[in-house]
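Down below is the structure, laid out as structure tokens.
Bear in mind that the values in this text are calculations on the coordinates, not laboratory data. Model, not experiment: these values are computed from the prediction. Note that each Cβ is placed from the backbone with ideal geometry, even for glycine, and that neighbours are counted across all protein chains shown.
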Amino acid sequence: MPQPPQPPRRRRVVSRGEVVRGACHYFLRHGTVDMDALAPALAVSRATLYRVAGSRDALLGDVLWRLADGLLARARRSRRSTGVDGVLEVTRRFTAELRGATPFRHFLRTDPETATRLLTSGVVHRRAVLAQRAILLEAGGVGSAGSPAGLAELDELAYLYVRVVESALYAELLSGRPPDFVRAERAARAVLLHGR
């Protein structure tokens, strides 16, 4: 006797936010994002995961930024100083947290090409510059935002500042040298003082 036709399987609808949250949890446990393992963990097909995420790089960029942004928000709330010292205080707190994050260190060590691409020229870097611009505005007394020219200078200052911080954070990744945060802070202070 022939079997009656089976109703079509319903595809699980998953939002980008759910995918990013699930990928964040996965990254915190494994220090990477494996799309083949993440799809069943989210109860979706691999095709659905790629359709929602776009690509592994796009998803990893969102994951890295979401996790970094949480650390950055905590550092900003903890800031006690203003002006240049306030900006440097936020950076000190943020970099200390990030350097202590085992999943992040694992990612840098095991996937250096992807890390370099995403952290220094991709979405994470661009978002870091925008966040730094906001930090400069919050701190007061750093940069000038009173005119279009002042905003352009503030954007440039934020970009330069982030590059200095990246040079220390990712020193081993970029040059094979250990990070020198004392030297990087001196350089970052000089950038900020020049931008006043």
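To the nearest 20 debye, what is the magnitude of the charge dipole of the chain about its Cα centre, counting +1 on the Cβ of each Lys and Arg and -1 on the Cβ of each Asp and Glu?
Using only the charged Cβ atoms, the result is roughly 600 debye.
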Global geometry of the stretch 11-54, whether rounded, prolate or oblate, following the gyration tensor of its Cα atoms and the 1.5 cut on a/c:
prolate
On a 0 to 90 degree scale, rounded to 10, what angle separates helix 148-169 from the longest Cα axis of the chain?
70 degrees
So between R186 and V13, what do we pick up on full extension, going 0.36 nm a residue minus the alpha carbon distance?
57.3 nm
Spin-label pair S55/L98, simplified geometry with 7 Å Cα→Cβ offset, distance in nm
2.2 nm
Before rounding to the nearest 500, sum -39500 (n - 2.57) across all DSSP H runs of length at least 4 in the chain and divide by the residue total; then give [θ] at 222 nm in deg cm²/dmol.
-23500 deg cm²/dmol
What size of dipole, in debye to the nearest 20, comes out for the stretch 11-54 about its Cα centre when the only charges are +1 on Lys and Arg C-beta atoms and -1 on Asp and Glu C-beta atoms?
180 debye
Which ³J(HN,Hα) values, rounded to whole Hz and listed in residue order, are derived for the stretch 71-77 from phi using the Karplus coefficients 6.51, -1.76 and 1.60 in 6.51 cos²θ - 1.76 cosθ + 1.60 with θ = phi - 60°, glycine and proline given as x?
5, 5, 4, 5, 5, 5, 5
Order of E113, E172, E166 from fewest to most other C-beta atoms within 10 Å?
E113, E172, E166
Any idea what Rg and Dmax come out to for the stretch 75-196 if you just take the C-alpha atoms, in Å?
14.4, 45
Counting other beta carbons within 10 Å of each Cβ, put S15, S45 in order, fewest first.
S15, S45
Hey, what did the stretch 11-54 get for relative contact order, percent, Cα under 8 Å, at least 6 apart?
46 percent
With springs connecting C-alpha atoms under 10 Å apart, model the chain as a Gaussian network and identify which of R80, R99, R46 has the largest mean-square fluctuation.
R80
Taking every other residue with Cβ under 9 Å from the Cβ of C24 and scoring Lys and Arg +1, Asp and Glu -1, one gets +1
